[in-house]
Amino acid sequence: MNITLDRNENELTVALEGRLDTLTAPELEDKLEPELDDIEKLVFDFAGLEYISSAGLRVLLATQKQMDEMVVTNVRPEVMEVFDLTGFADFLNIE
């Protein structure tokens, strides 16, 4: 999985490409943790995300609990289906 972080003052955009699963979720957590201290808005760009597993969902849930504002954008249909089936679509801010 490729992770690209783009910081603009108090906003951080995290673009993911590939699969967010058991193998890659810890990598995402490791990259996010030091970046979130003074971030007011976090944007996940999922245009390149092909798959998300329960491990990836756990990272999203834990991150959302830390953030005042978190947005998920450019969600592919196959990832949106996982959000719908798991109920994540009901509480994530998806644009």
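List of remarks:
- Flag if Phe44 is out of contact with any Asp or Glu (no Cβ under 7 Å at 6 or more places or on another chain), among the aromatic types (Phe, Trp, Tyr), under 15 Å from Ile3 (Cα atoms) and buried (at least 16 other Cβ atoms within 10 Å of the Cβ): yes
- If you filter the range 1-14 down to residues that are aliphatic (A, V, I, L, M) and out of contact with any Phe, Trp or Tyr (no Cβ under 8 Å at 6 or more places or on another chain), you find that the one that is surrounded by the fewest Cβ atoms within 10 Å (Cβ to Cβ) is Leu5.
- Any hit, the range 45-58, residues being over 12 Å from the mean Cα position of the chain (by Cα) and at pLDDT below 95: no
The values are calculated or read from the model by the stated rules, or taken from the named source; none is laboratory data. Everything quoted here is computed from the prediction, not taken from an experiment. Virtual Cβ from ideal backbone geometry, glycine too; neighbours counted across all protein chains shown.
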